[in-house]
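Please read the structure below before turning to the comments.
The values are calculated or read from the model by the stated rules, or taken from the named source; none is laboratory data. Worth saying up front: this structure is predicted, and the values here are computed from it rather than measured. When we count neighbours, we look across all protein chains shown, and the Cβ atoms used for this are built from the backbone with ideal geometry, even at glycine.
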Amino acid sequence: MRVNLTLFIQIINFSITYWFLNRFMFKPVIKFLKQKKSKEEKTRKELDKKEQDLLMTEKKKHQELDDFKVRMKKEYSVAPPKVTQIPSELYCKINKKEIEKLIDVAKKMLVKRIPHVD
């Protein structure tokens, strides 16, 4: 392997290119990425804090609602109405002829008779 002048020129060229890229390309890009990452973290922390605040507010409202329900039950409790028992069968002291007569009168009142149908 022969080492000549071109190898040294390539090393110098590489060094200058690396320095230039590092100075004007890599550092600003890395700086920008770090700033973006820090903004994202800050936004994420704020979002987490707001989420916790929202959860606490929701929990507080649910507790207040439960307390309100309990208080309203105490203040406005209504006793169940007393139901008297209705007899399942009613006994009538009417004879069968009177019952049949009442049924016929009711049928006449409720059903309109058609002349050709009996």
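Numbers for the structure displayed
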read-out: Meets criteria (among the polar types (S, T, N, Q), surrounded by 10 or more Cβ atoms within 10 Å (Cβ to Cβ), at pLDDT 95 or above and out of contact with any Ser or Thr (no Cβ under 7 Å at 6 or more places or on another chain)) for residue 22; value: no
read-out: Residue within segment 80-94 that is surrounded by 10 or more Cβ atoms within 10 Å (Cβ to Cβ), modelled with pLDDT under 95 and charged (D, E, K, R) present; value: no
